[in-house]
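A short write-up of the structure that comes next.
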Amino acid sequence: MLTIAVDFDGTIVTHEYPRIGKEIPFAIDTLLKIQKDFQACLILWTVREGRELDEAVEFCNAKGLEFFAVNNNYIEEKESDKQPRKLKADVFIDDRNLGGLPDWGVIYQMIASGNPLKPAPTQLISDYPVKKEGFFKKIFG
Ligand SMILES: [Mg+2]
């Protein structure tokens, strides 16, 4: 199973931490579709804690997005269980990625390619703004 760690601020919503920013276009729909199409295990991986974390989780839940775990490999994981400390994800989606955060349509295509560690085809990125509407229509119908 593909495990994907997803950041919140700047990735799912615009970066307005500690407030909740505006949803980045198609972030939630894309994550829902990735869950459905590839049975991917989504982990919310964020610097948020306590009430600020609850607000982020509630924001996603209200839009129908439930995470397998939040800031953990699995729900009941304790700090002392974490060996190694780094999350065991196959892929990380984060606005601090080298090269920045691709558009969510590109992220979907990268996951769908079966090799999400391969860089996004530059053609896809450069073509993206012109074909934006058609591209999302193709994915979301
Ligand atoms: Mg971020």
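Each residue in region 58-67 was checked for being closer than 22 Å to ASP90 by Cα and either within 16 Å of the ligand (Cβ to nearest atom) or in contact (Cβ under 8 Å) with a residue 12 or more places away in the chain (or both), and 3 of them qualify.
Taking region 1-13 as the range and being part of a loop (DSSP other than H, G, I, E, B) and near the ligand (Cβ under 10 Å from one of its atoms) as the test, the residues that pass are ASP7, PHE8, GLY10, THR11, ILE12.
Output the residue which, of all residues in region 68-90 that are buried (at least 17 other Cβ atoms within 10 Å of the Cβ) and modelled with pLDDT of 90 or more, is nearest to the ligand (Cβ to nearest atom). That would be ASN71. The set of residues from region 33-65 being surrounded by 17 or more Cβ atoms within 10 Å (Cβ to Cβ) and closer than 19 Å to ALA112 by Cβ comprises LYS33, ILE34, GLN35, ALA40, CYS41, LEU42, LEU65.
Against the condition within 14 Å of the chain's Cα centre (by Cα), at pLDDT 95 or above and farther than 20 Å from ALA89 by Cβ, how does GLU23 come out, does it pass? When the stated conditions are applied, GLU23 passes them. Which one is farthest from GLU49 (Cα to Cα) among residues in region 14-26 that are touching a residue at least 12 places away in the same chain (Cβ under 8 Å) and within 12 Å of the ligand (Cβ to nearest atom)? Applying the filter and picking the extreme gives ILE24.
Beta carbons closer than 9 Å, at least 6 apart along the sequence or on distinct chains, pair a first residue in region 82-96 that is at negative phi and small (Gly, Ala, Ser) with a second that is assigned to a loop (DSSP other than H, G, I, E, B) and within 15 Å of the ligand (Cβ to nearest atom) for ALA89/TRP45. Selection of region 27-57 for residues being more than 14 Å from the ligand (Cβ to nearest atom), under 20 Å from LYS86 (Cα atoms) and either in a helix (DSSP H, G or I) or not acidic (Asp, Glu) (or both) yields ALA40, CYS41, LEU42, ILE43.
The values are calculated or read from the model by the stated rules, or taken from the named source; none is laboratory data. Note that the coordinates shown come from a computational prediction; the quantities given were computed from them, not determined experimentally. As a convention, Cβ positions derive from the backbone with ideal geometry for all residues, glycine included, and neighbour counts pool all protein chains shown.
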